[in-house]
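One structure, as structure tokens, below. Some questions next.
The values are calculated or read from the model by the stated rules, or taken from the named source; none is laboratory data. Since the structure is predicted, the reported quantities are computational estimates derived from the model, not experimental observations. For neighbour counting, all protein chains shown are included, and Cβ atoms are generated from backbone atoms with ideal geometry for every residue, glycine included. Side chains included, ligands, DNA and RNA excluded: accessible areas come from the protein's heavy atoms. Shrake-Rupley method; radii C 1.70, N 1.55, O 1.52, S 1.80 Å.
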Amino acid sequence: MANPEPEPEATRLGPTPTSTPQPVAEMSPPLRLAVLCSHLRRDGPAPPAGEQLEAVAGVVSTSTYASGGGVPAGGDGGGDEDSACCVFCRIIRGEAPAYKVYEDEVCLCILDSHPLAPGHSLIIPKRNFPSLEATPPPVVAAMCSKVPFLSNAIMKATECDSFNLVVNNGAAAGQVIFHTHFHIIPRRFGDKLWSTESFRRRSIEPNKTSGLVNCIKEQLCSTLEGCKTEASSLLMEP
């Protein structure tokens, strides 16, 4: 069998070594999506032309959520009214456009429509939960399990070596869409994305901290006892 021809230098995704740093060209969302998808495909041939055209169109196809799969009986985590108004729920049902990067039975990953950096992506559960604390642990676990896989592809596609994993939980924390989600934000050294990163932090004060630690532990104990009581009552039900 003949050895495959080496890949032309011009087609490689890695940066070309030069004596001086070169600015990274801004990619359009469809092109960025195509590059991300190429990294998400761990092996196998390139996607068919039809899939490439669908990716460039940037519209989420009808998901398992819309066809009845992936959601237990009783609907999503929020009420029907919340689901109808939620932009993420509309994207999941295929009623609103988005640049889809990844999808499985539990969650969806799309490009943020107003990115803080190229490749800024969102991991969204297919069921509507308004906050992180309202999201069942198995759903959170499923979302977290995709972070290494997705972030690795996003960093390769954007030629970054770092990223922020952010959850804006609650209005005071900057949450705007009350359907829990994770942000994956690619970073470059010196990009000055947040001015607070240059702030000098103060050392922790032991006198004030001990009371805070005890208070947190008390809250954890009460939460755990409540979970145990709830679980016991469920087991005792006929």
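At a 1.4 Å probe radius, carbon and sulfur cover how many percent of the accessible area of region 80-211? Show your work: numbers first, answer last.
Values: 4210 of 7490 Å².
For region 80-211, the apolar C and S fraction of the accessible surface comes to 56 percent.
How would you order 126-139, 196-209 from highest to lowest mean count of nearby Cβ atoms within 10 Å? Present the calculation step by step, with values, prior to reporting the outcome.
Details: 126-139: 16.6, 196-209: 7.1.
Listed from highest to lowest mean packing, they are 126-139, 196-209.
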